[in-house]
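I have placed the structure first, in the form of structure tokens, so that the comments after it can refer back to it.
The values are calculated or read from the model by the stated rules, or taken from the named source; none is laboratory data. Small disclaimer: the values here were computed from a predicted structure and weren't measured. Here the Cβ is made from the backbone with ideal geometry for all residues, glycine too, and neighbour counts use every protein chain on show.
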Amino acid sequence: MSDEMKVVSLWRHPIKAHGREEVTLARLTAGEGFPFDRIWAVAHDLSKYDAANPAWVPCINFQRAARTPALMAMTAQLNEATGEIALQHPQIGAYGLNPHDSASVQGFIDWLRPISPPERFRPVGLAQAGRAMTDTSDVTISLNFTASLADLSQQMGVDLSRDRWRANIWVEGLAPWAEFDLVGKTLRIGEAELKVTEPIGRCTATSANTETGLIDADTLGGLRQRVGAQDFGIFAHVTRDGVVTPGDRIEVL
């Protein structure tokens, strides 16, 4: 099983729920998340996030595609040298964000308004916590598997895009749904090692089309019918530093 697995692609999401970006290399560090992934989030008007004492808080405190499916159609491109993020959306066009400039941040919030809730849960500002704003309270990386996606797509009669699932690492070469058997095991991916912690419980964000931002598939119903739970993919902790690139073999240690 492990001899056949390999990395297909690598992805980061610089702003949680606001755009995806494919990358060709990731330098993983033990105890940390995927590089430049979810380093920012968008707080809404009812958020308990405290900018004066920034810390991780649950995802319900932030703008989410589960509540605002139009966000699923957004793409992002991060300039690692400057920290600036080029965002694109089919409904509202392009925006160049400097997260460290207050005027630019306010412009970003204004740019989001046409696709955001008008009152409750409206976006109000950027948030960060000095760590990845993952859905889990501990810092994790997500791995998704192409065979499981193909199996779910066939069952549902829908060609489900990989982009719906917002993974960090896409993997091929494993039988459908066999990734759940990897929980508790350690994987060597390229030069890095990761300890698999749990399946990823999914939300309604995956129901939205990533080209249009419109809900067009009952992915959660499909998962429940296929595997008896709303799980797709697995979370893992980085336990050993290392570089990961597409094409790298994955071994179970």
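Among what's in the range 45-72 and is buried (at least 23 other Cβ atoms within 10 Å of the Cβ) and not in a loop (DSSP other than H, G, I, E, B), pick the residue that is modelled with the lowest pLDDT.
Phe62
Check Asp163, Asp159, Asp151 and return the single one that is more than 22 Å from Arg240 (Cα to Cα), among the acidic types (Asp, Glu) and not in a helix (DSSP H, G or I). Explain how you work it out, then say what you get.
Details: Asp163 fails: not in a helix (DSSP H, G or I); Asp151 fails: not in a helix (DSSP H, G or I).
Going through Asp163, Asp159, Asp151 in turn, just one is more than 22 Å from Arg240 (Cα to Cα), among the acidic types (Asp, Glu) and not in a helix (DSSP H, G or I): Asp159.
Does Thr197 qualify as being touching a Ser or Thr at 6+ places or on another chain (Cβ under 9 Å), of a type outside the set (Phe, Trp, Tyr) and not in a strand (DSSP E or B)?
No: the conditions fail for Thr197.
Would you tally the residues in the range 136-157 being surrounded by fewer than 17 Cβ atoms within 10 Å (Cβ to Cβ) and modelled with pLDDT under 95?
2
List the number of the failed condition for Val7; all other conditions in (1) in a loop (DSSP other than H, G, I, E, B); (2) of a type outside the set (Gly, Ala, Ser); (3) more than 19 Å from Cys203 (Cβ to Cβ) hold.
All conditions pass for Val7, except number (1).
Can you confirm whether Gln77 is surrounded by fewer than 19 Cβ atoms within 10 Å (Cβ to Cβ), among the polar types (S, T, N, Q) and within 19 Å of Asn168 (Cβ to Cβ)? Steps first, please.
Numbers: surrounded by fewer than 19 Cβ atoms within 10 Å (Cβ to Cβ): yes; among the polar types (S, T, N, Q): yes; within 19 Å of Asn168 (Cβ to Cβ): yes.
The answer is yes for Gln77.
Of the residues in the range 80-103, how many are buried (at least 17 other Cβ atoms within 10 Å of the Cβ) and among the hydroxyl-bearing types (Ser, Thr, Tyr)?
Of the residues in that region, 1 qualify.
Quick one: in the range 93-118, which of the residues that are part of a loop (DSSP other than H, G, I, E, B) and either of a type in the set (S, T, N, Q) or free of Cβ contacts under 8 Å to residues at least 12 places away in the same chain (or both) is farthest from Ala73 (Cα to Cα)? Walk me through how you get there before you give the answer.
Taking the range 93-118 first, the residues part of a loop (DSSP other than H, G, I, E, B) are 98-101, 116-118.
From the residues that got through so far, the ones that are either of a type in the set (S, T, N, Q) or free of Cβ contacts under 8 Å to residues at least 12 places away in the same chain (or both) too are 98, 101, 116, 118.
On the way: Asn98: 21, Asp101: 25, Ser116: 13, Pro118: 19 Å.
Top of the filtered list is Asp101.
Can you tell me which of Thr212, Thr239 is polar (S, T, N, Q), part of a loop (DSSP other than H, G, I, E, B) and either assigned by TED's automatic domain parsing to the domain that holds Leu149 or more than 15 Å from Ala26 (Cβ to Cβ) (or both)? Outline the logic, then answer.
Numbers: Thr239 fails: part of a loop (DSSP other than H, G, I, E, B).
Only one candidate passes the filter, namely Thr212.
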